[in-house]
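Visitor: One structure, as structure tokens, below. Some questions next.
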Amino acid sequence: MTARKRRTILLAGLIVLGLVGFLTSLLIGPVPTGLSDLWRLVSKGDRDLAVIVVDLRLSRALLAFFVGAGLALAGAILQGFFQNPLADPFVLGVSSGSSFGAVLAIQLGLGVSFAAFSAQSLFAFVSGLLVVSFIYLLSRRRGVLKVETLLLTGIALGALASALTSFLLFLRTDSFEQAVFWLLGSFALAEWNQVGVVAPYVLASLLVAQWLARDMNLLSLGDETARSLGCPVDRVRGGFLVLATILAASAVSVSGIIGFVGLIVPHWVRIWIGPDHRHLFPFSALTGGVFLVFCDLAARSLLPATELPIGIITAAAGAPFFVYLLHRRS
């Protein structure tokens, strides 16, 4: 089967699954809703039904989609950046660092905003960038990036950031549900303004990543080869580092830490359609969005009268896959 045919099959499958996932998201909830109710909403504009379907369920499904797309795209970028299929925002500590920054902003009671970034999102962005930059610097030895050092450093700093986040939550008098929201992830508090915060950054980052995709392909040949072919290696790496951090930070700032999406989705897409980043970036984003929509459905549906943190669902799918990748590499 040719690569083009594989891409066509994957695109068609994702479109069908995405439509099914969004439709199911509109129907599932504490208030029973059927297709006839959706038709009544479209044709007659029932106000009470609009609050349930549009304001609560549709906003949640869209937020899950864009968060999943952002995390998967960040994972694809970082895997290409570090030339390591085990890299993702969670494993490398970006998500943990971003979560610490977001919770710190809440602890300080900051309410300022800058360029559509709330203080929470801005702190998440800055702390995530600092963490991943520090990991990158510590992992280089005489100009060479060591994969083992990278992973161990990322795990260590990620654990430290998670510990600091837990300490901040312990100092506050918030409910247990808020702690679970930040540490295990949830879309229970999804709103349209959160979709408006995340969606522009995901779409803009995807456009920039597509613009730099050819340079990422050159980087996979090695820095020296990429330079000889005219690629500005340092600037490209810096741009991708910022993109991945923006994506992870914006996702964490509205959903908490959701692990393994950036690991398993890009790797599976790479296996299916190949390593060309011109196709890997958009397909990873689309697959990640659809994947997290279904994970959110599972979180809402597996247990009656309660909702699981979505991080439990993604970890249950991602942890075995992560172990498989480790053994496959060895």
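Only the coordinates and a few stated rules stand behind these numbers; no lab work does. As the structure is a prediction and not an experimental result, all values here were calculated from the model. Cβ sites come from the backbone with ideal geometry, for glycine too, and all protein chains shown count toward neighbours.
Visitor: Projected onto the charge dipole of the range 203-280 (+1 at Lys/Arg Cβ, -1 at Asp/Glu Cβ, origin at the Cα centre), which of S228, S255, T245 gives the Cα projection farthest towards the positive end?
Guide: Projecting each Cα onto the dipole axis, the largest value belongs to S255.
Visitor: Sticking with this structure for a sec: From the backbone phi of the range 85-100, what are the Karplus-calculated ³J(HN,Hα) couplings (6.51 cos²θ - 1.76 cosθ + 1.60, θ = phi - 60°) in whole Hz, Gly and Pro given as x?
Guide: Calculated HN-Hα couplings, in order: x, 8, 7, 6, x, 6, 5, 8, x, 5, 5, 5, x, 5, 4, 4 Hz.
Visitor: Sorting check: for 300-306, 238-244, which peptide has the highest mean count of neighbouring beta carbons within 10 Å, and how do the rest follow?
Guide: So the peptides 300-306, 238-244, ranked by packing, come out 238-244, 300-306.
Visitor: Next question, about the same structure. With Cβ to Cβ distances under 12 Å as the rule, what net charge do the other residues near F22 carry (K, R +1; D, E -1)?
Guide: +1
Visitor: Now, a different point. Can you list residues whose amide H is under 5 Å from N84's amide H, if they're 5+ apart or on another chain and H is modeled 1.01 Å from N?
Guide: For N84, whose amide H was placed from the backbone, there are no distant partners under 5 Å.
Visitor: Same structure again: What distance in nm separates the simple spin-label points at M1 and L302, each placed 7 Å from Cα in the Cβ direction?
Guide: Spacing of the two 7 Å Cα→Cβ label points: 2.8 nm.
Visitor: Now for a separate question. Rounded to whole Hz and in sequence order, give me ³J(HN,Hα) for the range 232-247 from the Karplus expression 6.51 cos²θ - 1.76 cosθ + 1.60, θ = phi - 60°, writing x for Gly and Pro.
Guide: After applying 6.51 cos²θ - 1.76 cosθ + 1.60, I find x, 4, 5, 5, 5, 4, x, x, 5, 4, 5, 4, 4, 5, 4, 4 Hz.
Visitor: Whole-Hz Karplus ³J(HN,Hα) for the range 206-216, in order, using 6.51 cos²θ - 1.76 cosθ + 1.60 and θ = phi - 60°, x for Gly and Pro?
Guide: Coupling constants for the range 206-216: 5, 5, 5, 4, 5, 5, 9, 4, 4, 5, 5 Hz.
Visitor: Please work out the FRET efficiency for the pair I9 and L203, using the Cβ-Cβ distance as r and a Förster radius of 35 Å; give the result to the nearest 0.05.
Guide: Efficiency for this residue pair is about 0.90.
Visitor: Separation between the L108 and R235 pseudo-spin-labels, each 7 Å from Cα along Cα→Cβ, expressed in nm?
Guide: Each label point is offset 7 Å from its Cα along the Cβ direction, giving 3.3 nm.
Visitor: Calculate for the chain the 222 nm mean residue ellipticity that helices alone would give, adding -39,500 (n - 2.57) per DSSP H run of length 4 or more and normalising by residue count, nearest 500 deg cm²/dmol.
Guide: Helices in the chain give a 222 nm mean residue ellipticity of -25000 deg cm²/dmol.
Visitor: Going by C-beta contacts inside 10 Å, put H327, H277, H267 in order with the fewest on the left.
Guide: The most exposed by this proxy come first: H327, H267, H277.
Visitor: Dividing the Cα radius of gyration by the Kirkwood radius, what Rg/Rh value follows for the range 59-329?
Guide: 0.96
Visitor: Something else about it: Can you work out the FRET efficiency for the pair T225 and Y324, with r the C-beta to C-beta distance and R0 = 25 Å, to the nearest 0.05?
Guide: Efficiency at R0 = 25 Å is approximately 0.25.
Visitor: Hey, can you rank 60-71, 217-228, 199-210 by average C-beta count inside 10 Å, highest first?
Guide: Descending mean neighbour count gives 60-71, 199-210, 217-228.
Visitor: OK, next. Roughly what angle does helix 147-171 make with the longest principal axis of the chain, taking Cα atoms, 0 to 90 degrees, to the nearest 10?
Guide: Between helix and principal axis, roughly 40 degrees.
Visitor: While we're on this one: Please give the contour-minus-distance gain from S43 to R278: 0.36 nm per residue of separation, less the Cα-Cα distance, rounded to one decimal in nm.
Guide: This chain segment gains 80.5 nm when fully extended.
Visitor: Related question: Using the Cβ atoms and a cut-off under 12 Å, what net charge is assigned to the surroundings of R227, where Lys and Arg are +1 and Asp and Glu are -1?
Guide: Numbers: positive: R235, R237; negative: D215, D223, E224, D234.
After counting each charged neighbour, the total is -2.
Visitor: Report, in debye and to the nearest 20, how large the dipole of the chain comes out about its Cα centre when Lys and Arg carry +1 and Asp and Glu carry -1 on their Cβ.
Guide: With only Lys, Arg, Asp and Glu charged at Cβ, the dipole is about 1000 debye.
Visitor: What is the angle, in °, between the Cα long axis of helix 59-82 and the longest principal axis of the Cα atoms in the chain? Nearest 10 is fine, range 0 to 90.
Guide: 10
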